[in-house]
Every structure is written in structure tokens, then in C-alpha cells.
1. Could you work out the percent of alpha carbon pairs in segment A:230-346 separated by over 23 Å, rounded to a whole number?
2. Please compute the modelled spin-label separation between residue A:82 and residue A:138, points set 7 Å along Cα→Cβ, answer in nm with one decimal.
3. So if R0 is 51 Å, what FRET efficiency would residue A:111 and residue A:249 give, r being the distance between their Cβ atoms, rounded to the nearest 0.05?
4. How much length is gained on full extension from residue A:166 to residue A:509, taking 0.36 nm per residue of separation minus their Cα-Cα distance?
5. In degrees between 0 and 90, to the nearest 10, how far off the longest principal axis of chain A does helix A:440-472 point, with axes built from Cα atoms?
6. Report the full-extension gain for the segment residue A:440 to residue A:291: residue separation times 0.36 nm, less the Cα-Cα distance, to one decimal in nm.
7. Against the globular-protein guess of 2.2 N^0.38 Å, express the Cα radius of gyration of segment A:116-235 as a ratio, rounded to two decimals.
8. Return the calculated 222 nm mean residue ellipticity for chain B, to the nearest 500 deg cm²/dmol, obtained by summing -39500 (n - 2.57) across DSSP H runs with n ≥ 4 and dividing by the residue count.
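Only the coordinates and a few stated rules stand behind these numbers; no lab work does. Note that this is a predicted model, so its numbers are computed, not measured. Neighbour counts run over all protein chains shown; Cβ positions are idealised from the backbone, glycine included.
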């Protein structure tokens, strides 16, 4: 049983060499690592070690629901207007819109007019002149799914434009987005960028209306607050969107008269429409509305043809850059809320690596010294097994592109202490068998044989705990689960194969008649 | 120099079964105190579960805490707790309670604190957890512990007989409860890494139970006539050298972690240290004597169809 065949020994040495090879990049300086091929790279460092920000965002789906209702209300109104059917009220409620028309005889005509714009919705006739148009749950869900996908895309574009290295943007669950930004120490600006929906539309101001009483507005207008250098003012803005921000194709920060401005350019249709609107409204004020706030209200001195224009909003350089970026990347379909944020500065990350390394060297060193004092030669075998265990652990994590976190380092250190358990079980068993009068070879063999089942069972339970931690944990704690689980596997292999091989070689290379312990 | 193990007694003569009532009382006290503390004092939940803001900052010079404290407490973001750590007097930990007003309100409070600290500080770590995530993390943490205990018990049940599974499970539960109890009693910061520690302790505790139970099972096969109490004693004493050695090596690594691992891992290391001691001896304290009461019949073991590895020592070829 103790015997090792030549192919087996060759295989073990191959594993050892491969482990050294794959764990090597972890010990090389950074500028050399950069030139290595992608399959020969060190472990990834978690954000807590390399410094960076983690943001968990949620798409505000209630805003999408509201918007969906508002859209339905609007489409109902315009279809009836087009079909010239008079109505008394249109009211959004109960996941749909209540419509009451003037003449009950128009009911069928009204339903026919609305039908093309409400595909998939149910129309519930509640009285001769009253209909409830209901948005079924399926449509709501579809819209939410689409909104989350679109948000993901917009977030990705905004962050790409922002220019951080190796950002990671992933979807989590139904309506969440995880953004990881290595090297970004203070994510305030990123959060500001992601926190705006950045819906920009061009409206016209209602001329000669300067009311501030929302109840006393001309028909078809709304009262909006100003922002930027218009903050504190209110504007009476026509509801009608003259040109939508979706028509923008480019936008860049620039300067005019030494002041930061934002240049923008429409696509062909948008440019044509903008030309028409501006030529029909010369002398009136345009309202550039961003997220329901007027950021600029220039008076049109002439028609703006050619499809481009600029916004002068009293910006700072940074604000102009950010607005241009937001307009380029496009609007979010719904606001994003930051649910969780974790940022680590590079200073602390480096300190954590140093602390982890110190703890590992001290902990590992103490275990090594103790094992050698306790078991002499056999202790040394265990130590070689330990070194092999560390090498395979690092090699495996490097090979699969695993991520090392601070709790992960704790897992590695802990596995150093737990790993010798296998050796201790084996050696104690050998001592017991030898004392009970068996021959040396018998004791060695049954030490490995009897201890194996115990080692396997006892390690598997810790493995189960680690697996559960992996599936239910997040971020750094997951890193702990990974190193613990992988560490258990490699330590078992090293105790069962590496230590056994050494014991066998020791037995073969001399006239051994007694245990060294 | 001789290997020090030469000086370790070959045969321990510890009468575990005979002195079991001492262990019962001790275990009962630990559990009652733990449960009592958990029920009355609860936990000092860290940011992961309670939500709020945690910031670690380093100042350019030694910090005068009193003015900083009053300044941050005037921001209207609730009671801000500031503590120093390390030995330079320049490192502080700032803790802001969870803000009323949902997830968006946390970010607003963070901005206020950051602006108030100003230029003189290097912000080394910022963690913001909103109410939604905090509630979810509590659930997933509790679920993780419950699932781990169940999964481990099922595994032990599959590999051993139900009496062993129950014993291991009781030992495991006592470890989990007393570890939680320590965190509650001393109001230590309880966060996600604590849950990780508790799960590791759970795995380690059962690890130990299995080593002892494996030996009991082997002894049952070997000494068919030996009375159960005597057999349990013999089993425990046979594995005791191994237990002591393993505890010691793990202890060495945990102490290294505690001393050198830094502020972030402190709670984890303390939990591990405690769990190491209770976890190791729970298998002997609780797991062993339980077998006495559970109608452990030799037939179950000897005629059992449970899949096992071959435990009988075969002579070598």
C-alpha cells in the first residue's frame, strides 16, 4: 500500500512542477507580469486589497410603472383627439387608465381609436360611457425587464466614457446592477454620473406667462424649476416635447468666451425638426429641460439649422464635461438608487496585503517550527507537504483567475493550521499501531490507510460549510469561502500523496526499524 | 533534542463518561448564559446588518477627538461614533447610524460627513449599506448558518448512524450558540466576517466530532464485549493526542491572524479563537456522552449497510 510506482512518482513531480510554474507570476514584479501571456497570470486581487469601489445599484422600477401609466394616459388622450371624440376625464389609477367619454354612443368608436395603441392591454367597459384600460402584469414585467437591460447598457456606456481601467458591470437579480471600479478611490463623481437619469428634452417657454401658481397655468403648460445658474427661478414650459434628447448623436464640452459650454448635434430627423421649431419661434425662448429642470432658456434670435447647437448653463468645467458625457451615453429609463457602497483606498489595500503576508509568514512559520519540534523528520515531511499545499492553492487560483480578498488571505492562513491536522491524524495513528507491537512497515501502512477515511469525512464537512458560504456570501466573504474550500482540497492531496511519498522514500532509503517519533 | 512528542503520555486516562455531569453543567451554563444574552442584549450588529456608514480615515496629524466629535454630531445625521485605533493616534473609525428615508438618504449623509472632514484626512475605507441590503444580508447570514448545520448533519447521518448524527449536531449547535453568545455578551461587532467565522467553526467542530466518532465505530467493531462507557472513554483517550496537537497548530495560526492581521480581521480572529476551544471540546463534552443515551446498539454498527471505507487494519502486503 505504501508503495509508489515510477509513473505515480513522475505524475506527482509533474504536479509539483506545474504548481510552481503557475504560481510563479504571483512572485514576479508587476512590470514583468504585464508582459506575460494571458494564461500565465497571477491571482486577481479583490477590491479590498488593490483599492477601488464597489457599488450596488437598483433600478427604481416604481418610476417605470408610473411612466408606463403616464404614457398610456398620453396615448389615450392623443388617440381620442385624433379621432375627434370628446371625453370628460382621463385618470390614471389601478394599474391602468379610467376614461369617461361625453357621449355614450361614441364608446365603440373610442375603443377602436385607442385599440391600435394599447396592444396587449385589456379594456374593461364599466358603464355606458366609462372604460378602464388595464396594463396586465405581463406587460409591466416586460417593460421592467427591458428597462433594466437598457439601464445596464447605459451604465456601461457612461462608465466606459468616464474612463476607468478594467471596470466590471454586471446584472444581479431582477433589477440590480453591480459596478466594480478598481482604482477608483472616491466614487462620488461616478455616483453623481450614475445618479442622474439625464433625460433631456427641448420645449418652448410659454411667452408672456410668468406665473408661479401651479393652479393658474395656461392649458398645456407646466411649471418647472430652474437648475444651475437658473436655480431659484421658475418657468412656465409648454408640455409638448419639441425635440427629444433621444435624437442627439453627439455632445462635447467646449468653451465660448472663456466659459464652459456643451455642444450637441442631432441626427438628421432631429436636426430638421429643430430647424423647423426654431424658425417658427424666432423671438421666443427655448427651454432646455434636463430631468425636469430647466438648465438653459435662450431666446431664439434666428432659426438654428444644420442640426447642432450648444447649451450655456453657467457650468463649471467638470459639470460641462459630465453633462456632455451623459448626453452622449444616453438617458437612463429610470433612476438608479445606490443600495450599497464599499470603497477602499489604495493605501489601506497595500497595508492589508502587508498585514496578511505578515500573519501568513508568522502563522506558517510557527506551525513549521512546531511540527519539526514535535515530529522531527516526519515533521519536515509535513512541512514539505504544507509548502506544496500552498503552491497548488496559489497555482489553482491563478489558473482559474480566482480573486484573493483579505478574508481570503485569512482562509489561506487558517488552512495552514487545519491542513496539518491530516498529517497529525496519520502520524498519531502510526505511533499507536507501532506501540501496539506491529512492524514498522505495517504501522506506516495502516497509519495512512486508517486515517484516510477520517481525513476525508472531517474535511468534507468544512468543505460543505465553505460551499454554503460561497453561495450565500458576497464579495470578500466569498473570497474566504473559495480559498478555504480549495485549501482543503489541496491540503488533503498533499497529506495523502506528498507526505506518503516522502515517508515511503524515507523507508526505502535506509534500514528503518523504528519510527522517528 | 528528542521530538517533544516522546514526552507526551502514551495513554491518556481521562474518564470522560464518569465526569460527564461536570461537562453537562458547564455546557448548560454556557448555553443558558449565551441564550440569555442573545435574548436580552441582542447583537451589536455591524454595518453589514444594521446599515449605515462606516469610514476609516487617517489624519495628517494626531487627532483631537472632542472637537471632531462635536463637529460631526452637529451634521444632523444621528449619533456619530468615532473611535481611534492603532498606535499613531491618526487613525479613526467613524460610524454613522442608518439614516431614515430609505437607500438614497445614506448617500446624502455620506457626503455631509466627507465634506465636514475636509482636506486633512485620507479616507481609507468607506462602506455604506442601505436598509434593503442590510435586511437581505441578515436573512442570507441566518440562512447560511441554518443550511450549513443541516447539510453537515445530513452528511454525518449518511456516513454514520443517526445517533452519531444527532450527537454531532448537538455539539455543533452548542458551538454555534456559544460563539454567538460571546458576541452578544461582550457586544462585539457582529458582521459578515463573523458569520464566516461561525460557519468555519461549525465545519471545524464537526470535523472533530467525526474524528472521535470514527474511532468509536472502529472500537465497537474491535472490542465486541466492552461496555459502552468504557469503550467511549478509550476512544476519546486514543484520539486525544491528535486533538491536542491539531488545536495547538490551528491556535498558532489564529493568534498570528489576531496579532498581525489588522483591524478588518479582528472580529473574525476573535470568533475563531473562541470557537476553536469550545469547538474542539464540544465533541468530547457533548458529542460523546450523548451516545450513552441514544440506544446505540452494536447491531446498528456491525450489521449496518451504511457505506463505509474499510476501517479494518489490513496487514501490509
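1. Here the long-distance tail beyond 23 Å is 36 percent of all Cα pairs in segment A:230-346.
2. Rounded to a tenth, the inter-label distance reads 2.5 nm.
3. 0.80
4. Gain on extension, residue A:166 to residue A:509, equals 118.1 nm.
5. 10
6. 45.4 nm
7. 1.58
8. About -21000 deg cm²/dmol.
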